[in-house]
Amino acid sequence: MSGWVKIAGLGPGNEALVTPEVTAALAEATDVVGYIPYVARVAERPGLTLHASDNRVEIDRSQHALRMAAAGKRVVVVSSGDPGVFAMAAAVFEALENGPDTWRDIQIDVLPGITAMLAAAARAGAPLGHDFCAINLSDNLKPWAVIEKRLRLAAQADFAMAFYNPRSKSRPEGFVKTLEILRQECEPERLILFARAVSRPDEAIRIATLAEATPDMADMQTVVIVGSSLTRVIDRPIGPIVYTPRSTPE
């Protein structure tokens, strides 16, 4: 089968953070598939067809990509950040598993990217320097009860935590509940990083304590990183550094 699918991460926004591997795949592609704003980041050129679609049609988008690859097209499925972190790689494989057997002969490669969690952590210092977890706070694909359980257990286990999709206009109450849970499980001095639009011109980084944090500090362009109990801040005239030590006291 001559067609292929490459599932690519475009990084957090700045073109300098797109990997050479992804750039090369886009140069070879005949078709690019993805969510509207991510496809808009791909430059048009002769011989390339862009297929942009809404954010809630991941499986339809994946099936479309696989059908085109089966027909001999060279297809890049784009995500922001890394395609394996709350993004399109899992959706493509779900479509593959439930699709026709002939799709299993298609060459499929996942091309990693810099996810927003890692870009945000790098801007602040090293808040994910020890054990951490990532939790998607959107309840579009899982019930809130699952999110709440994971939040509580992660806080009780003293993980640093990175939150994706913390607060949208349609469900602002989710991050309100998240802060309530954290205040039940963590000390008021717990450090929280609010990193909005990392690597883009409107980037904004804010460090607060749990006691100071308010729901309006986050939106859908914000990654929230909650430190562990050991996370600390180094105050400097040129800007603070937040980090979590790599050692844990016995």
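Averaging over all projection directions, find the projected area of the Cα convex hull of the chain and quote it in nm² with one decimal place.
15.0
Rounded, prolate or oblate: which fits segment 124-167 when a ≥ b ≥ c are the square roots of the eigenvalues of the alpha-carbon gyration tensor, with rounded for a/c under 1.5 and prolate only if a/b beats b/c?
oblate
Using the per-residue mean of other Cβ atoms lying within 10 Å as a proxy for protection, in what order, highest first, do the peptides 21-33, 145-157, 231-243 fall?
Put in order of decreasing packing, that is 21-33, 145-157, 231-243.
For the chain, find the longest principal axis of its Cα atoms and tell me its angle to the long axis of helix 173-185, 0 to 90°, nearest 10.
The helix 173-185 is inclined about 40 degrees to the chain.
With a bin width of 5 angstrom, please list the P(r) values of segment 124-250 as percents of all Cα-Cα pairs, from the 0 bin to the one holding the largest distance.
2, 11, 22, 25, 21, 12, 6, 2, 0
If the reach is capped at under 19 angstrom between alpha carbons, list the lysines near residue 142, excluding any in the same chain fewer than eight residues apart.
169, 177
Taking 4 °C and 1.567 mPa s as the conditions, I'd like the Stokes-Einstein D for segment 178-250 in µm²/s, using the Kirkwood hydrodynamic radius from alpha carbon pairs.
Translational diffusion coefficient: 97 µm²/s.
If you put +1 on each Lys and Arg Cβ and -1 on each Asp and Glu Cβ, how big is the dipole of segment 96-250 around its Cα centre, in Debye rounded to 20?
Here the size comes out at about 260 debye.
So what is the calculated 222 nm ellipticity per residue for the chain, using -39500 (n - 2.57) for each DSSP H run with n of 4 or more, over all residues, to the nearest 500 deg cm²/dmol?
-8500 deg cm²/dmol
Points 7 angstrom from Cα along the Cβ direction at residue 209 and residue 14: gap in nanometres?
The answer from the label model is 3.1 nm.
Counting only DSSP beta bridges with both residues in the chain, what percent are antiparallel, rounded to the nearest 5?
If we restrict to bridges inside the chain, about 40 percent are antiparallel.
Suppose the Debye formula is applied to equal point scatterers at every Cα of segment 41-159; what is log10 I(q)/I(0) at q = 0.10, 0.17, 0.22 Å⁻¹?
These q points yield log10 I(q)/I(0) values of -0.43, -1.01, -1.31.
Averaging the inverse of every distinct alpha carbon separation and then flipping it gives the Kirkwood radius. What is it for segment 4-101, in angstrom units?
13.2
Lys/Arg Cβ at +1, Asp/Glu Cβ at -1, dipole of the chain taken about the Cα centre: which of 48, 62, 164 is farthest positive-ward?
The listed residue farthest towards the positive side: 48.
Please work out the Cα center distance from segment 9-75 to segment 195-250, rounded to the nearest Å.
For segment 9-75 versus segment 195-250, the Cα centre distance is 32 Å.
Read the figures in this text as sums done on the coordinates, not as results from a lab. The model shown is predicted, which means the values in this text are computed figures rather than measured ones. Glycine also receives a Cβ, built like all others from the backbone with ideal geometry; neighbour counts cover every protein chain displayed.
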